[in-house]
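Taken together, the values in this text are just the output of simple stated rules run on the coordinates, not laboratory data. If you're wondering where the values come from, they're calculated on a predicted model, not measured in any experiment.
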Amino acid sequence: MYTTYAIIDPRTRWIVYIGQTLDYARRQSDHLSVHRERKASPPGSLQHWLKAAHKAKIIPKFLALEVVETESESLKSETKWVEKIAGIGHPLLNRWDEHTPFIADPQPVPDTVFEAIAFRSETKKRRAERIGSAKPNRNRTGYRLAIDADVTLLGPITVDLVPPKPKKS
């Protein structure tokens, strides 16, 4: 029996890869094996992600998605799941030619620095205050929120990222 499976980043709960195999237990072991550290792998590949996870002592989660009888059914299952999971926005690292039409290349975020404004709701009247800023993360795939040193957060709060006000000319 063939298994279509997902690899999940436990930090974000995002599915990062969809695969298929005849031996699910062996395939999990292969993905987790340390020997991958010795091989060079291109950024944006599953191998690169697995190396970084291993270095950070992150253990990916595995989820069996579907079990089918034949290799042909398994390949169709894998493609079906890639389309489905990529379609709801998971950042898949699959790179087979059959999968790339379903996977949007991440667009780098603009260099905008946002103010982080928190709205406290401890009273009936909501109060807005700056708590920090957000700027593009190192690989420009999203934003990193930096909380100001003098801020202590006690929930519940809501944070809005607000673009900077235009400079007066």
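The stretch between ASP111 and LYS80 holds 7.6 nm of extra length on full extension. This uses 0.36 nm per residue minus the Cα-Cα distance. Fully extending the segment from THR100 to LYS57, taken as 0.36 nm per residue of separation minus the present Cα-Cα distance, adds 12.6 nm. Stretching ALA64 away from SER29 to a fully extended chain increases their span by 11.2 nm, per 0.36 nm per residue minus the current alpha-carbon distance.
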